[in-house]
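Below is one structure, written out as structure tokens, with a few remarks after it.
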Amino acid sequence: MAISVFRFAPKTWGAADDLEAVAPIPLPSMANPTVILSGLMVIFLLLFVTVGPSLWRQSPSQQWLSQISEGASRARSVRIVSDNGAWRPSKKADAPSGLKVHAANTEYVRLQWPKLAGIERYRVYRGDANKPGLGLAISETADSYYQDRLQLSSEVYRYTIADADTGLLLLSREVRPEAAMSVFEAQLQGLIPVTNNKTQWVEIPGHPLGTDALGRDILARLMAGGRTSLFVGVVAPLLFITFGCIFGAIAGLMGGWVDQLAMRFVDFVVALPFLLFMILFRVAFGIGPGENGIMPLIVAMLVLSWPGSARLIRGQVLALRSQPFVEASRIAGVSTSRIILRHMLPNVLPMILVAFSFAIPQAIFTEAFLSFIGMGVSPPTTSWGALCNEGIKTLLSHPRQLILPAIFISLSVLAFNILGDALRDATDRRSGVVRA
């Protein structure tokens, strides 16, 4: 598919209006499945970060203390339990003959066993009932009871009591904790009134992608992080490419010593270290707790990333200056602004679009890298790079907290790069360039 473009040649004395046909501009083939798939991916990402939060209304900063690093879950009812802190069995209760479970929920599991003669200290193990081995040694105690409050979930555990000195296994029992929530958390989340301690069950929302190490919904945080990443990925290239195009066009049109001075300034900017200036901008802006840190990131990209587009547009303008239709327009007395709008801009616009399409994934990756090393956005604002920074801390135990934002970064960079390749190929076919 191609679009034919026509240009009116400048009018001179005694000459009739002449319609000059320009080579047709081929568009990317819509039959290419890769281009179609990348376009659909870009649309999905935009809808995910814009429409998604209105459909999935969980707050990305809300912490569920009872659901820390939890897997995918559905909305369900949980029991409200009192949080009494330290626990010990009643002295009036009879000593158990085996390993007794006084309470088993996701807030705490309370165990008691008989006091055995000749054993001074007990070691408590907790393991997965579906896996061999004793599991994790969670405590050593001289008492014959223990309260487990270490990141419990609704799965079957195997508790084993052993002699801490000899390692002799004494008692073992499987326990499935019931889904529960403390009164304090239920009141904190607004699920029950502060003055009401009689509610026994409450409904809690599900988490399709699970929760992070602070109990926050991962799906909501991916949406919030995507808004930041795509905002930086679009706004920053729009600013520095616009500035670079204006700078390069002025240098190419003026020529002479102005062009030489402008290019030496471009060489100076290229030599500046980006990461160092990013740190300086953060210090200059005084980014502190509670500030998002987006502005110094965009300013750093604007100041240091425009030379590439400036060189590109300068080369195009220098090539167009020597074209016959531009010379004819200048001889005919057409103003410089009209030459720019009528002849220069239509010919450099495809190059600008290609540069912009390639700058978007570069900006997304730059923001992700800076946020990953702690130099990008600041909490409570998040981004895909910041989510990767948080997920690397729990990579061995909960890898999805790192893999999910990394997948979104990879998909967005890949989709925009494929679209940029398609636009570049279309531009090359227009200019007669053949790529292998």
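Looking at this structure, is Ser90 over 27 Å from Arg400 (Cβ atoms), open to solvent by 70 Å² or more (accessible area, probe 1.4 Å), among the small types (Gly, Ala, Ser) and modelled with pLDDT under 85?
Details: over 27 Å from Arg400 (Cβ atoms): yes; open to solvent by 70 Å² or more (accessible area, probe 1.4 Å): yes; among the small types (Gly, Ala, Ser): yes; modelled with pLDDT under 85: yes.
So Ser90 passes the test.
Inside segment 327-346, can you point out the residues that are β-branched (Val, Ile, Thr) and closer than 22 Å to Gly244 by Cβ? Before the answer, list the steps.
Taking segment 327-346 as the starting set, the residues that turn out to be β-branched (Val, Ile, Thr) are 331, 334, 336, 339-340.
The answer is Thr336, Ile339, Ile340.
Taking the options Leu419, Leu423, Leu411, name whichever one is at pLDDT 90 or above, closer than 28 Å to Ile43 by Cβ and in a helix (DSSP H, G or I). Outline the logic, then answer.
On the way: Leu419 fails: at pLDDT 90 or above; Leu423 fails: at pLDDT 90 or above.
Exactly one of Leu419, Leu423, Leu411 is at pLDDT 90 or above, closer than 28 Å to Ile43 by Cβ and in a helix (DSSP H, G or I), namely Leu411.
Failed condition for Ala300, given (1) of a type outside the set (S, T, N, Q); (2) touching an Asp or Glu at 6+ places or on another chain (Cβ under 7 Å); (3) under 30 Å from Met254 (Cα atoms), with all others met?
It fails just one condition, (2).
Could you please find all residues in segment 38-71 being open to solvent by 60 Å² or more (accessible area, probe 1.4 Å), within 30 Å of Ile418 (Cβ to Cβ) and in contact (Cβ under 8 Å) with a residue 60 or more places away in the chain?
Leu46, Thr50, Trp56
Could you list all residues from segment 77-87 that are modelled with pLDDT of 85 or more and either open to solvent by 60 Å² or more (accessible area, probe 1.4 Å) or closer than 30 Å to Leu209 by Cα (or both)?
Quick first cut of segment 77-87, residues modelled with pLDDT of 85 or more only: 77-81, 87.
Residues satisfying the conditions are Ser77, Val78, Arg79, Ile80, Val81.
What helices (runs of 4 or more DSSP H), lying completely within segment 251-318, carry at least 3 residues that are touching a strand residue (DSSP E or B) at 6+ places or on another chain (Cβ under 9 Å), open to solvent by less than 40 Å² (accessible area, probe 1.4 Å) and modelled with pLDDT under 85? Walk me through how you get there before you give the answer.
Numbers: elements: 256-270, 274-285, 294-304.
Filter on segment 251-318 gives an empty set.
Can you tell me which residue in segment 137-146 is nearest to Pro96 (Cα to Cα), limited to those that are open to solvent by less than 30 Å² (accessible area, probe 1.4 Å) and in a strand (DSSP E or B)?
So in segment 137-146, the residues open to solvent by less than 30 Å² (accessible area, probe 1.4 Å) come out as 139, 141, 144.
Remaining after also requiring in a strand (DSSP E or B): 139, 141.
Values: Ser139: 20, Thr141: 18 Å.
Once the filter is applied, the top-ranked residue is Thr141.
When you look at Phe358, is it more than 26 Å from Leu209 (Cβ to Cβ), among the aromatic types (Phe, Trp, Tyr) and surrounded by 13 or more Cβ atoms within 10 Å (Cβ to Cβ), yes or no?
Numbers: more than 26 Å from Leu209 (Cβ to Cβ): yes; among the aromatic types (Phe, Trp, Tyr): yes; surrounded by 13 or more Cβ atoms within 10 Å (Cβ to Cβ): yes.
Yes: the conditions hold for Phe358.
Which residue pairs have Cβ atoms under 9 Å apart, sit 6 or more places apart or on different chains, and have a first residue in segment 164-193 that is farther than 20 Å from Arg149 by Cβ and a second that is assigned to a helix (DSSP H, G or I) and open to solvent by less than 70 Å² (accessible area, probe 1.4 Å)?
Leu191/Glu185; Ile192/Val183; Ile192/Ala186; Pro193/Gln187
Inspect segment 213-229 for any residue being out of contact with any Leu (no Cβ under 8 Å at 6 or more places or on another chain) and at pLDDT below 90 and give the result as yes or no.
Taking segment 213-229 as the starting set, the residues that turn out to be out of contact with any Leu (no Cβ under 8 Å at 6 or more places or on another chain) are 213-214, 216, 220, 223-224, 227-229.
Going one step further and asking which of them are at pLDDT below 90, we end up with 213-214.
Yes, there is a match, as at least one residue in segment 213-229 is out of contact with any Leu (no Cβ under 8 Å at 6 or more places or on another chain) and at pLDDT below 90.
Mind checking whether some residue in segment 329-337 is at pLDDT 80 or above, part of a helix (DSSP H, G or I) and open to solvent by 40 Å² or more (accessible area, probe 1.4 Å)? Walk me through how you get there before you give the answer.
To start, the set of residues in segment 329-337 that are at pLDDT 80 or above comprises none.
The answer is no; no qualifying residue exists.
Please work out if Arg110 is within 24 Å of Ala180 (Cβ to Cβ), charged (D, E, K, R) and open to solvent by 30 Å² or more (accessible area, probe 1.4 Å).
On the way: within 24 Å of Ala180 (Cβ to Cβ): yes; charged (D, E, K, R): yes; open to solvent by 30 Å² or more (accessible area, probe 1.4 Å): no.
The answer is no for Arg110.
Can you tell me which condition Ala236 does not meet? The list is (1) open to solvent by 30 Å² or more (accessible area, probe 1.4 Å); (2) of a type in the set (A, V, I, L, M, F, W, C); (3) closer than 30 Å to Pro60 by Cβ, and all the others hold.
(1)
Looking at (1) open to solvent by 60 Å² or more (accessible area, probe 1.4 Å); (2) among the hydrophobic types (A, V, I, L, M, F, W, C); (3) in contact with a Phe, Trp or Tyr (Cβ under 6 Å, 6 or more places away or on another chain), can you tell me which one Leu168 breaks?
(3)
Restricting attention to segment 191-199, does a residue exist that is within 21 Å of Glu70 (Cα to Cα) and open to solvent by 40 Å² or more (accessible area, probe 1.4 Å)?
Taking segment 191-199 and keeping what is within 21 Å of Glu70 (Cα to Cα), we get 191.
Subsequent filtering for residues that are open to solvent by 40 Å² or more (accessible area, probe 1.4 Å) retains 191.
Looking for residues that are within 21 Å of Glu70 (Cα to Cα) and open to solvent by 40 Å² or more (accessible area, probe 1.4 Å), one finds at least one in segment 191-199, hence yes.
Of the residues in segment 113-125, how many are farther than 13 Å from Ala162 by Cα and buried (at least 19 other Cβ atoms within 10 Å of the Cβ)?
Residues in segment 113-125 being farther than 13 Å from Ala162 by Cα and buried (at least 19 other Cβ atoms within 10 Å of the Cβ): 0 in total.
Check whether at least one residue in segment 209-231 is over 24 Å from Val51 (Cα atoms) and either surrounded by fewer than 17 Cβ atoms within 10 Å (Cβ to Cβ) or of a type in the set (A, V, I, L, M) (or both), and report yes or no.
Filtering segment 209-231 for residues over 24 Å from Val51 (Cα atoms) gives 213-214.
Filter once more, keeping what is either surrounded by fewer than 17 Cβ atoms within 10 Å (Cβ to Cβ) or of a type in the set (A, V, I, L, M) (or both): 213-214.
Yes, because at least one residue in segment 209-231 is over 24 Å from Val51 (Cα atoms) and either surrounded by fewer than 17 Cβ atoms within 10 Å (Cβ to Cβ) or of a type in the set (A, V, I, L, M) (or both).
The values are calculated or read from the model by the stated rules, or taken from the named source; none is laboratory data. Keep in mind that what you see is a predicted model, and the values were worked out from it rather than measured. No Cβ is skipped: glycine too gets one built from the backbone with ideal geometry, and neighbour counts run over all protein chains shown. Please note that ligands, DNA and RNA were not included when accessible areas were found on the heavy atoms of the full protein model with its side chains. Shrake-Rupley method; radii C 1.70, N 1.55, O 1.52, S 1.80 Å.
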